[in-house]
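To start, the structure under review is shown below, and the notes come after it.
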Amino acid sequence: MQIDRRVSSQSFARHLGRWREEIRGNLASTLAEQTRLMVLDGRLPVMTRLPSERSLAAVLAISRTTVATAYDLLRQCGFLQSQQGSGTWIALPE
């Protein structure tokens, strides 16, 4: 699968804006929900490659585990696809 676009960690953080003000529950579920909303409103188009867990965690000043959990939640819902060595990219649920 070819990936057309990439979003940097800094750009991703800018799109999130003040996402921490929206925390309901835990940080990972809030990050996943805010990411899902960015997909639905078009700020993150389908087939956009997301930043690595490490780089996003560093920019957001959260743990890599939190980002990994958020990415896992999004994969379970069908909003992300991953392939080892190829990264993680935006998808839409079937």
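The values are calculated or read from the model by the stated rules, or taken from the named source; none is laboratory data. Quick caveat, the model's predicted, so the values are computed rather than measured. Please note: Cβ atoms are built from the backbone with ideal geometry, for glycine as well, and neighbour counts cover all protein chains shown. Calculation scope for accessible area: heavy atoms of the full protein, side chains included, ligands and nucleic acids excluded. Shrake-Rupley method; radii C 1.70, N 1.55, O 1.52, S 1.80 Å.
General observations
- The chain - percent relative contact order, Cα under 8 Å, separation 6 or more: 32 percent
- Amide H to amide H distances under 5 Å link Leu80 with Arg75, Ala91, where only residues 5 or more positions off or on other chains count and H is placed in the peptide plane.
- Most mobile of Gln84, Gln34, Gln76 in a GNM of the chain (Cα contacts under 10 Å): Gln84
- Of all accessible heavy-atom area on the chain, the percent that carbon and sulfur account for (1.4 Å): 47 percent
- With all protein chains modelled, accessible area of Asp72 [1.4 Å, Å²]: 70 Å²
- Looking at the chain, the trypsin sites (Lys or Arg not before Pro) that sit in a DSSP loop and have at most 11 other Cβ atoms within 10 Å of their own Cβ are Arg18, Arg24.
- The chain: translational diffusion in µm²/s, Stokes-Einstein, Kirkwood Rh over Cα pairs, 20 °C, 1.002 mPa s: 164 µm²/s
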